[in-house]
Amino acid sequence: MRKILTTLALAATLAPAAHATNFFDGFDGTGGPNSANWQVSNWANGSPFGCTFAYSEVWLASSNLILNVNSSNQSAIKCAEIRTWQSFTYGKFEVRMQPSNIAGADSSFFLYTGTAGTPSHDEIDIEFINSGRTLHTNAWLADVQNYQDFAVSPGWTTLGFEWRPTYVRWFTVDSSGTEHEFRRVTTSISAPMQLMLNHWTGDNSTSAVNFLGRYNGGGGQALYDWVKVTD
């Protein structure tokens with residue numbers, strides 16, 4: 001799913017680029033939002049997003065990062081997004097998370113750079129949609145996507161993707177720490193990208209409904225236990 005983040009394109013030029021590097025945040029109070037690791041978004045992306053990213057909807061609790069959708073005002077729904085200050089080139093990117101179960105919403109873990117709709121746009125996605133029951137994987141190169149969806153069970157899950165010069169592969173991690181690859185694509189994505197996590201609702205436009213399904217109101221949380229990047 002392309003992210004309409006024109007402001008992000010400017011911010012990405014200001015973030016220091018880094019090649020494969022080790023990174024970890026356990027969201028235990030030492031990292032978290034607006035720390036040395038993460039910047040919190042505070043703006044509206046426009047359609048197909050049906051909410052405005054806000055500082056107020058991002059916090060830490062019980063060693064988890066909370067990305068909240070606040071629907072108390074249906075005419076001005078608030079949602080949540082954070083991104084790393086640094087950019088990465090290649091590596092293995094993993095997360096333990098519990099997606100939300102809101103219909104018409106997206107709980108995500110992804111890499112992004114450039115401006116959507118232009119050849120500068122590259123992206124690698126893990127997105128939970130369909131009330132957390134569908135896992136959407138995607139690799140965008142020069143604004144051309146290569147996606148595949150998978151049926152999953154809602155709840156806590158550990159998964160990630162490995163990005164290398166000639167491929168991206170997606171995998172889950174079981175309770176013993178064993179990886180299980182479930183998708184691999186050949187790609188030449190090479191531009192440094194920022195790691196991003198967000199939780200948002202669609203605006204029920206055609207593109208939003210086709211991707212997310214219809215949003216019928218309501219709020220809730222996506223929870224993130226930890227995020228890890230290794231070279």
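The values are calculated or read from the model by the stated rules, or taken from the named source; none is laboratory data. Note that this is a predicted model, so its numbers are computed, not measured. Backbone-built Cβ (ideal geometry, glycine too); neighbour counts: all protein chains shown.
Quick look at the numbers
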quantity	calculated
Count of residues meeting criterion [more than 15 Å from Asn37 (Cβ to Cβ) and in contact (Cβ under 8 Å) with a residue 40 or more places away in the chain] in the stretch 68-93	13
The stretch 171-196, subset out of contact with any Asp or Glu (no Cβ under 7 Å at 6 or more places or on another chain) and hydrophobic (A, V, I, L, M, F, W, C), residue nearest to Asp122 (Cα to Cα)	Leu195
Strands (runs of 3 or more DSSP E) wholly inside the stretch 29-112 containing at least 3 residues that are in contact with a helix residue (DSSP H, G or I) (Cβ under 7 Å, 6 or more places away or on another chain), surrounded by fewer than 22 Cβ atoms within 10 Å (Cβ to Cβ) and at pLDDT 95 or above	none
Ser188 being in contact with a His (Cβ under 9 Å, 6 or more places away or on another chain) and either in a loop (DSSP other than H, G, I, E, B) or among the basic types (Lys, Arg) (or both)	no
Flag for Lys92 being charged (D, E, K, R) and within 29 Å of Val185 (Cα to Cα)	yes
Search result, residues across the stretch 179-193 that are touching a Phe, Trp or Tyr at 6+ places or on another chain (Cβ under 6 Å) and surrounded by 18 or more Cβ atoms within 10 Å (Cβ to Cβ)	Met193
Residue list for the stretch 194-207, restricted to those being crowded, with 22+ Cβ neighbours inside 10 Å and either among the hydrophobic types (A, V, I, L, M, F, W, C) or more than 26 Å from Ile66 (Cα to Cα) (or both)	Leu195, Met196, Leu197, Trp200
Restricting the stretch 115-161 to residues that are more than 13 Å from the chain's Cα centre (by Cα) and within 17 Å of Leu195 (Cβ to Cβ), the residue that is surrounded by the most Cβ atoms within 10 Å (Cβ to Cβ)	Trp140
Residue satisfying all of: in the stretch 162-178; of a type in the set (D, E, K, R) and surrounded by fewer than 19 Cβ atoms within 10 Å (Cβ to Cβ); farthest from Pro99 (Cα to Cα) among these	Arg164
